[in-house]
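Novice: One structure follows; several queries about it will come next.
Please treat every number below as a calculation from the coordinates, not as lab data. Note that the structure is a prediction, hence the values are computed from the model and not measured. Backbone-built Cβ (ideal geometry, glycine too); neighbour counts: all protein chains shown.
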Amino acid sequence: MFWYQEELDRLDKEKKELEYVPDMVFYGSSSFNLWNDIPELFKEYKPINLAFGGSTLAACSWFYKQNFKGLHPKAIMIYAGDNDLGDGRHPEEIVLFFKTLLTQIREDYGGIPVTFVSIKPSPSRWYLEGSIRYTNSNIEEITELDENFHFIDIYKATLDISGKPNSDYFLEDGLHLNKKGYKVWFDVISKHSESFPQLQVH
């Protein structure tokens, strides 16, 4: 996984340059990494964005210790899994990767709120629709086993009236969100403030 090194170095540098102690960690792939408004939108929660481009849930788990070293978050929000599916991973593998990551977090931080933002539908990966739905539903089931794990479904909110990914929410690549798409995400996340009760979203 050497191809992540530049991104990991960037995260390490940003941690060192942070002028406050972060309470909330955003972690995962480019859908969070490219959400440039996170520091402003969630500023009252003292966030740090540790997402790195191209990452998979497997990579999030693999580099977890390195990325979270020295941090003591009160809540963690995760978006990943998109790229695992794009790489041809089976949904059940992805669920296992996530369970491993959640176990790592629980070992280090106990019962802090951990939220998973569902894997989004996108025009460029619509051929994976069934796998995305299956992965999301299996990860959502973990909420029944862990009272401090929460699942936020952004899937439906990014579909158009025909039930396909709304192209108005995506960049030209058909994969990453534009400002409209991120506005939808924020609106949905804001309605799930119970997902991180110590850090109420207003």
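Novice: Arrange the peptides 171-182, 94-105, 10-21 so that the one whose residues have, on average, the most other Cβ atoms within 10 Å appears first.
Specialist: Highest to lowest by the protection proxy: 94-105, 171-182, 10-21.
Novice: Let me make sure I get this right: for the chain, a, b and c are the square roots of the gyration tensor eigenvalues over alpha carbons, sorted descending. Under 1.5 in a/c it's rounded, otherwise prolate if a/b > b/c, else oblate. Which is it?
Specialist: rounded
Novice: Let me have the 222 nm mean residue ellipticity of the chain computed from DSSP H runs of 4+ only, each contributing -39500 (n - 2.57), with the sum over all residues rounded to the nearest 500.
Specialist: For the chain, the value works out to -11000 deg cm²/dmol.
Novice: Oh, and also: Mind scanning Lys65/Lys180; Lys15/Lys156; Lys13/Lys99; Lys16/Lys183; Lys69/Lys156; Lys15/Lys99 and naming the pairs with a C-alpha gap bigger than 31 Å?
Specialist: Violating the 31 Å Cα-Cα cut-off are Lys65/Lys180; Lys15/Lys156; Lys69/Lys156.
Novice: Also, I was wondering about something else. Show the residues, 5+ positions off or on another chain, whose built amide H is closer than 5 Å to the amide H of Ile154.
Specialist: Excluding prolines and chain starts, which carry no amide H, the hits are Ser118.
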